[in-house]
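Below: one structure, written as structure tokens.
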Amino acid sequence: MWSRVEHRRASKNGVTFAGTGQGQWIASAEGAEAAGFAAKLRARIGPFAAVTDQSDARLVLRLGGPRVREVLAKGIPVDLHARVFKPDDVATTLAAYVGVQIDMLDDAPTYQLATPRSTAASFWSWLSASAAEFGYDVVAR
């Protein structure tokens, strides 16, 4: 099990940057900032980095509840204990052999998980099976 998280996320005014590796970031925007976000970011960064629009490439889920750590621990090899994985921590890992990015949004705890759309059905199958013993609700945002 991993005991240390090297990546962080930062949010401001609806824009979030999450570190996913050495010199790699996933940037996202919500609300008014979302329209044309990739083009705005590309113009702002200029020649210093590459920007690729991934808008439709990922399934993004927010998970919360009193047993969420137990659900995630069934397939994610990251130590999610509150003393280790804290709000704004980010990890890229596997969940039942499916690549996933996990961000801790707050200490409720609420997590955001993102996985490639091409693996969404496999990821959902694992997640619903892992949560079944505790019960869960699916809420559209």
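Dipole magnitude for the range 59-106: computed about the Cα centre from +1 point charges on Lys and Arg Cβ and -1 point charges on Asp and Glu Cβ, it is near 180 debye. Assuming charge only on the beta carbon of Lys and Arg (+1) and of Asp and Glu (-1), the dipole of the chain about its Cα centre is about 260 debye to the nearest 20. Calculated mean residue ellipticity, 222 nm, the chain: -5500 deg cm²/dmol, from DSSP H runs (n ≥ 4) at -39500 (n - 2.57) each, averaged per residue and rounded to 500.
Projecting the Cα atoms of V139, L80, T115 onto the charge dipole of the range 80-141, computed from C-beta unit charges around the Cα centre, puts T115 farthest toward the positive end.
Label zone (Q24, point 7 Å along Cα-to-C-beta; backbone nitrogen cut-off 11 Å) within the range 77-114: 92-93, 100-101.
Ignoring the sites themselves, the chain has its longest run without chymotrypsin sites (Phe, Trp or Tyr not before Pro) in a DSSP loop having at most 16 other Cβ atoms within 10 Å at 1-96.
Quick one, which of [x] 11, 41, 35, 13, 1, 0; [y] 12, 40, 29, 13, 5, 1; [z] 8, 23, 29, 23, 11, 4, 2, 0 is the actual P(r) over Cα pairs in 10 Å bins from 0, in percent calculated for this model? Label of the calculated value: [x].
K74: which lysines have alpha carbons under 27 Å from its alpha carbon, excluding same-chain residues fewer than 8 sequence positions away? The qualifying lysines are K86.
Where a number appears in this text, it was derived from the coordinates with a stated rule and is not lab data. Note that this is a predicted model, so its numbers are computed, not measured. In this analysis, Cβ positions are derived from the backbone assuming ideal geometry, glycine residues included, and neighbour counts consider all displayed protein chains.
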